[in-house]
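The values are calculated or read from the model by the stated rules, or taken from the named source; none is laboratory data. Because the structure is a prediction, the values reported are computed rather than measured. Heads up, the Cβs are rebuilt from the backbone with ideal geometry, glycines too, and the neighbour counts pull from every protein chain shown.
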Amino acid sequence: MLIRSINDEEINDFVEIQINSYPRENVGKDEFDKIRNSYSKFRENSVGFTDFIGLFEDGILKGCMILYKYDMTLRNSTIKAGGIGSVAVHMLYRKQKVCKRLVEYAHDYFSDNGIYLSMLYPFSTEFYLKMGYGFGPKKEKYELRPSSFPNIGDYENVRFLDEKDADEVMNCYQDYYSKNSGLCRKHIKEFNQKLSNKAIKSIGYLKDGKLTGYCFFKYNKASINNFIKNDIEIIQLVYNDQNSLNGILKFFANLRDQINRIILCTQDDMFYHIFSDPRDGSDELIPSVYHKSGSIGVGIMYRIIDFENFINVLSENSFGEGDFKLKISLKDSFREKNNGEFYIDFSKGNARLIEKDDSDLNGIVYTDMAILSSMLTGSIDFKSAYRLSKISIGNGTNIENLRKIIDTDKPICLEDF
């Protein structure tokens, strides 16, 4: 068995496995060539931060994936993070632990490159929970009437954007990236692609000549029989202050006579407070009288690859204030080096691994890698993890003090991979 990078001559085999693992209708030669060309172009344009990987045995490609390298903001730090995407196994070689070996390889690959946090979108959450991946925040999908959008913004500062605005859009995103946890640094190519795509509309909010918010969206047909009945699907919404958010939302509010519904996905579980009527139009009730306001999905999952190294790469002020000497008893059935007891001295927002010392402990936490990864990325708060029996604690552990140190902002993920 050999796991290595896929070369140009092997891209057809890669595409064949992808198509059969994630089936789509009527993939003839033209469609196959189109898919292959899109992968080839993507590979060409992403040199340096992606790697197409294959598992080979006797010269046969049995499984494949794409590995991504990111810079991520997390807990007031900028760290390196890895993404695992397009994991697929040849139909003839299922149930041969091909996927397990690929993921193991990915973890080693990331660790060797100084990357100690991995993330992925699961085909099965149960499968990846067993590999130590914990849930990230949920995503909520709203389908809203434009009239429910607030009509309070400064509409005069909103304008359409095009390719000439790519640098400004990237600078706006960089401000957003620096202020919010979980976001990944983006490359100018991504903004150029969106701004030059005629199917995607782009608007921005300018304050004193500076772009402080932007939105990418597209039109979707809402009826096969009525060509003037259309929805808008918001692809990405970024804002750095109240004015930019309100201005962009007013733009959509003004479309009440033209657009049927606006489809918006967000990981912000407070976002429904913005709208006067967040109902989704189904008129369905959840007992007793809760109006259905959309749908919810679980997706992005996070995993700490090497716990000690992960703690060491976090910068100062990555944790809450307070002094706390903590012992973590950690179970990781997928990566042996993380199994065991770890001692951490928290002081003034910093975390320092120390030698084993049970004297003067302020608390003990018993956990596994999946829930620990969710806690340290901010996807679940400490008290909720304890309340739901996902962790247990030793006698005398002060939950409130430890919560103030461990809890952090929920991560936002805008990457599709």
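Checking GLY82, GLY28, GLY59 one by one, the residue that is small (Gly, Ala, Ser) and in contact with a Lys or Arg (Cβ under 8 Å, 6 or more places away or on another chain) is GLY82 and no other. Taking residues in the range 6-27 that are at pLDDT 90 or above, and partners anywhere that are assigned to a loop (DSSP other than H, G, I, E, B), the pairs with Cβ atoms closer than 7 Å and at least 6 places apart or on different chains are PHE14/ILE6; ILE17/HIS90; ILE19/VAL27.
Taken together, the residues in the range 1-60 that are surrounded by fewer than 16 Cβ atoms within 10 Å (Cβ to Cβ), in contact with a strand residue (DSSP E or B) (Cβ under 9 Å, 6 or more places away or on another chain) and more than 20 Å from VAL89 (Cα to Cα) amount to 3. Scanning the range 333-360 for residues that are in a loop (DSSP other than H, G, I, E, B), farther than 23 Å from ARG75 by Cα and under 28 Å from the mean Cα position of the chain (by Cα) yields SER333, PHE334, ARG335, ASN339. Looking across the range 73-87, the residues that are assigned to a strand (DSSP E or B) and not polar (S, T, N, Q) come down to LEU74, ILE79, LYS80, ALA81, GLY82, GLY83, ILE84, GLY85, VAL87. Of all the listed residues (ILE371, ILE380), the sole one being out of contact with any strand residue (DSSP E or B) (no Cβ under 6 Å at 6 or more places or on another chain), modelled with pLDDT of 95 or more and β-branched (Val, Ile, Thr) is ILE380. Going by the conditions given, is ASN401 surrounded by fewer than 15 Cβ atoms within 10 Å (Cβ to Cβ) and in contact (Cβ under 8 Å) with a residue 24 or more places away in the chain? No, not satisfied. Of all the criteria given as (1) surrounded by 22 or more Cβ atoms within 10 Å (Cβ to Cβ); (2) assigned to a strand (DSSP E or B), the one not satisfied by TYR70 is (1).
For the range 89-101, the criterion of being part of a helix (DSSP H, G or I), in contact with a helix residue (DSSP H, G or I) (Cβ under 7 Å, 6 or more places away or on another chain) and either surrounded by fewer than 19 Cβ atoms within 10 Å (Cβ to Cβ) or at pLDDT below 95 (or both) is met by at least one residue. Residues that are among the aromatic types (Phe, Trp, Tyr) and part of a helix (DSSP H, G or I) within the range 253-275 comprise PHE271, TYR272, listed in sequence order.
Within the range 33-57, being in a loop (DSSP other than H, G, I, E, B) and either among the small types (Gly, Ala, Ser) or at pLDDT 90 or above (or both) holds for SER46, GLY48.
Restricting attention to the range 293-302, does a residue exist that is over 30 Å from ASP108 (Cβ atoms) and more than 25 Å from the chain's Cα centre (by Cα)? No: the range 293-302 contains no residue that is over 30 Å from ASP108 (Cβ atoms) and more than 25 Å from the chain's Cα centre (by Cα). Within the range 276-292, does at least one residue satisfy the condition of being in contact (Cβ under 8 Å) with a residue 40 or more places away in the chain, under 25 Å from the mean Cα position of the chain (by Cα), surrounded by 14 or more Cβ atoms within 10 Å (Cβ to Cβ) and part of a loop (DSSP other than H, G, I, E, B)? Within the range 276-292 (the criterion being in contact (Cβ under 8 Å) with a residue 40 or more places away in the chain, under 25 Å from the mean Cα position of the chain (by Cα), surrounded by 14 or more Cβ atoms within 10 Å (Cβ to Cβ) and part of a loop (DSSP other than H, G, I, E, B)), the answer is yes, since at least one residue qualifies.
Within the range 307-317, the set of residues being over 20 Å from the mean Cα position of the chain (by Cα) and in a loop (DSSP other than H, G, I, E, B) comprises SER315, GLU316, ASN317. Pick from the range 366-398 the residues that are outside any strand (DSSP E or B), in contact (Cβ under 8 Å) with a residue 24 or more places away in the chain and hydroxyl-bearing (Ser, Thr, Tyr): which of them is farthest from TYR176 (Cα to Cα)? Ranking the qualifying residues of the range 366-398, first place goes to THR397. Within the range 349-368, the set of residues being of a type in the set (Asp, Glu) and modelled with pLDDT under 95 comprises GLU355, ASP357, ASP358, ASP360.
Determine whether GLY63 is crowded, with 20+ Cβ neighbours inside 10 Å and under 23 Å from ARG335 (Cβ atoms). For GLY63, the condition - crowded, with 20+ Cβ neighbours inside 10 Å and under 23 Å from ARG335 (Cβ atoms) - is met.
Within the range 203-234, count every residue that is loosely packed, with under 15 Cβ neighbours inside 10 Å and either in contact with a helix residue (DSSP H, G or I) (Cβ under 9 Å, 6 or more places away or on another chain) or hydroxyl-bearing (Ser, Thr, Tyr) (or both). Summing the residues that are loosely packed, with under 15 Cβ neighbours inside 10 Å and either in contact with a helix residue (DSSP H, G or I) (Cβ under 9 Å, 6 or more places away or on another chain) or hydroxyl-bearing (Ser, Thr, Tyr) (or both) in the range 203-234 gives 3. The single residue among LYS250, LYS327 that is over 27 Å from the mean Cα position of the chain (by Cα), surrounded by 14 or more Cβ atoms within 10 Å (Cβ to Cβ) and in a strand (DSSP E or B) turns out to be LYS327.
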